[in-house]
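*Asks:* Here it is: the structure, laid out below.
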Amino acid sequence: MRVLVTGGAGFIGSALVRALMARPSAEVLVLDKLTYAACPGALDAVEGQPGFRLVQADVADEPVVRDLLADFVPDSIVHLAAETHVDRSIDAPATFVQTNVVGTSRLLDAVLDYWRQLPEPGQRRFRFHHVSTDEVFGPAAPTECFGVDAPYRPTSPYAASKAAADHLVRAWHLTYGLPVVVSNASNNYGPYQFPEKLIPLSIIRAVRGEPIRIYGSGEQMRDWIHVDDHVSGLVEVLQKGRIGAAYNLASGHVVNNLQVVRMLCAILDEMTPVGGRRYAELITHVADRPGHDVRYALDIAGTRQALDWRPNTALEDGLRATVRWYLDHADWWEQILATRYGGERLGAGDPANTQDAANAVEGR
């Protein structure tokens, strides 16, 4: 198995790389721009192993991508490289269009030419796996679960950029015959997630005794899947997915943001109690995010049937393990807070913040 993973130094990408490198005779090339959200240390376990290589480059740099394809000769590509934080997309949408739309288009052009020059057996084996999100489907009704054929209704700049990328991938399949598979995942959580996201940021702010910000009422419903369960699904889609098909990867744990944060606080009360108070006392409701979707939910019945895949991590167990990891790796997130992101609120919809957000995305 020879796999090129774009975005392989990020949260989900690094977890996938670690899983792939644990397989016999695996060779993995990571192509990553190493932006602010790259996960320091997340690839230490595979660094130096035979068959592993990391190249710092942008998927939009087509000549570099073409050279890497010719040199590495992958039999599959997993495309995870993307700007992913909704809040940042509100403040700096052009950055998301550049990476998620333009970058995907240029990657597809390079991959199509590479695939066309492979010998016929190599063409049959090849797969381009595009990793997407549940947010492309937009908000779900109270009892609704979106299947893979649900209409696209993205509401944020992030979701719109991912939807555009999804359509490009399908167009390259239908127009040019490129063998692709697509997966849509729900909210991920687990070790090495960058502190701007809800779960790690809530844990960190609680530990530091700072207000734990909840947007609006906190009643926005999300499906939470542990990153290791997501990765196991990605591997199944890559190896068994039908060309041209899409697969949903989710957990079925649909709870609201306030419930998740209260669960985190209760776990912290057990693991690192502070005399005389509860961590939930730090919960603070702030103005909601512009265009905040009320609910996401995915139907995974088709994936379970087609690939014999199912998530294995109960939400409380996964949250407990995640809290433990962040408590045990305070040096990891403290270094990030000191150098790349200080825990400030993003995505308030203030145009004055646009340049600051763009600078942060570029690591300036």
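None of the figures in this text is laboratory data; all of them are computed from the coordinates on show. Because the structure is predicted, anything quoted here is derived from the model rather than measured. Neighbour counts run over all protein chains shown; Cβ positions are idealised from the backbone, glycine included.
*Asks:* Quick one: Val55 ticks every box in (1) in contact with a Pro (Cβ under 9 Å, 6 or more places away or on another chain); (2) assigned to a strand (DSSP E or B) except a single one, so which number is it?
*Replies:* The single condition Val55 does not satisfy is (1).
*Asks:* While we're on this one: For Leu43, indicate whether it is in a loop (DSSP other than H, G, I, E, B) and within 19 Å of the chain's Cα centre (by Cα). Show your work before the answer.
*Replies:* On the way: in a loop (DSSP other than H, G, I, E, B): yes; within 19 Å of the chain's Cα centre (by Cα): yes.
Against the criterion (in a loop (DSSP other than H, G, I, E, B) and within 19 Å of the chain's Cα centre (by Cα)), Leu43 qualifies.
*Asks:* Something else: Check off (1) closer than 19 Å to Val182 by Cα; (2) out of contact with any Pro (no Cβ under 6 Å at 6 or more places or on another chain); (3) not aliphatic (A, V, I, L, M) for Asp229 and give me the number that stays unchecked.
*Replies:* (2)
Conditions (1) out of contact with any Cys (no Cβ under 8 Å at 6 or more places or on another chain); (2) among the β-branched types (Val, Ile, Thr); (3) more than 16 Å from Pro157 (Cα to Cα); (4) in contact (Cβ under 8 Å) with a residue 40 or more places away in the chain, marked per residue:
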site: Cys39; (1), (2), (3), (4): yes, no, yes, yes
site: Glu47; (1), (2), (3), (4): yes, no, yes, no
site: Phe52; (1), (2), (3), (4): yes, no, yes, no
site: Pro93; (1), (2), (3), (4): yes, no, no, yes
site: Phe96; (1), (2), (3), (4): yes, no, no, yes
site: Val102; (1), (2), (3), (4): yes, yes, no, yes
site: Asp109; (1), (2), (3), (4): yes, no, yes, yes
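*Asks:* A further question follows. Name every residue in the stretch 169-227 that is touching a strand residue (DSSP E or B) at 6+ places or on another chain (Cβ under 9 Å), polar (S, T, N, Q) and surrounded by fewer than 19 Cβ atoms within 10 Å (Cβ to Cβ), in order of residue number.
*Replies:* Within the stretch 169-227, Ser217 is the sole residue that qualifies.
*Asks:* Moving on to the next point. Out of Phe137, Phe128, report the one residue that is over 21 Å from Val235 (Cα atoms), touching a residue at least 40 places away in the same chain (Cβ under 8 Å) and in contact with a strand residue (DSSP E or B) (Cβ under 6 Å, 6 or more places away or on another chain).
*Replies:* Values: Phe128 fails: over 21 Å from Val235 (Cα atoms).
It is Phe137.
*Asks:* Of everything in the stretch 71-86, what is more than 15 Å from Leu34 (Cα to Cα) and either in contact with an Asp or Glu (Cβ under 6 Å, 6 or more places away or on another chain) or small (Gly, Ala, Ser) (or both)? Give them in sequence order.
*Replies:* Ser76, His85
*Asks:* Could you pull out the residue among Asp67, Asp58 that is among the acidic types (Asp, Glu) and over 19 Å from the mean Cα position of the chain (by Cα)?
*Replies:* Working: Asp58 fails: over 19 Å from the mean Cα position of the chain (by Cα).
Of Asp67, Asp58, the one residue that is among the acidic types (Asp, Glu) and over 19 Å from the mean Cα position of the chain (by Cα) is Asp67.
*Asks:* Additional query: Hey, can you tell me all the residues within the stretch 120-157 that are under 20 Å from Val180 (Cα atoms), more than 19 Å from the chain's Cα centre (by Cα) and of a type in the set (A, V, I, L, M)?
*Replies:* Ala150 - this is the single residue of the stretch 120-157 that is under 20 Å from Val180 (Cα atoms), more than 19 Å from the chain's Cα centre (by Cα) and of a type in the set (A, V, I, L, M).
*Asks:* Do we find that Arg310 is without any contact (Cβ under 8 Å) to a residue 24 or more places away in the chain, outside any helix (DSSP H, G or I) and in contact with a helix residue (DSSP H, G or I) (Cβ under 7 Å, 6 or more places away or on another chain) in this structure?
*Replies:* Criteria met by Arg310.
*Asks:* I would also like to ask the following. Scan the stretch 122-162 for residues that are of a type in the set (Val, Ile, Thr) and either on the phi > 0 side of the Ramachandran plot or buried (at least 21 other Cβ atoms within 10 Å of the Cβ) (or both) and report the count.
*Replies:* Number of matching residues: 3.
*Asks:* Would you point out which residue out of Asp308, Asp293 is more than 17 Å from Leu201 (Cα to Cα) and either of a type in the set (S, T, N, Q) or surrounded by fewer than 14 Cβ atoms within 10 Å (Cβ to Cβ) (or both)?
*Replies:* On the way: Asp293 fails: either of a type in the set (S, T, N, Q) or surrounded by fewer than 14 Cβ atoms within 10 Å (Cβ to Cβ) (or both).
Being more than 17 Å from Leu201 (Cα to Cα) and either of a type in the set (S, T, N, Q) or surrounded by fewer than 14 Cβ atoms within 10 Å (Cβ to Cβ) (or both) holds for just one of Asp308, Asp293, which is Asp308.
*Asks:* On to the next question. Quick check on my filter: what residues within the stretch 121-142 are part of a strand (DSSP E or B) and either under 17 Å from Gly291 (Cβ atoms) or of a type in the set (S, T, N, Q) (or both)? Walk me through it before giving the result.
*Replies:* Filtering the stretch 121-142 for residues part of a strand (DSSP E or B) gives 127-133.
Scanning the stretch 121-142 gives Ser132, Thr133.
*Asks:* Restricting attention to the stretch 234-267, and to residues there that are in contact with a Pro (Cβ under 9 Å, 6 or more places away or on another chain) and surrounded by fewer than 23 Cβ atoms within 10 Å (Cβ to Cβ), which single residue is nearest to Leu282 (Cα to Cα)?
*Replies:* For the stretch 234-267, the residue satisfying everything is His253.
*Asks:* On to the next question. If a residue must be part of a helix (DSSP H, G or I) and among the β-branched types (Val, Ile, Thr), how many such residues does the stretch 172-193 contain?
*Replies:* From the stretch 172-193, those part of a helix (DSSP H, G or I) are 172-176; that's our starting set.
Within this subset, residues satisfying the condition of being among the β-branched types (Val, Ile, Thr) are 175.
Adding up the residues that qualify gives 1.
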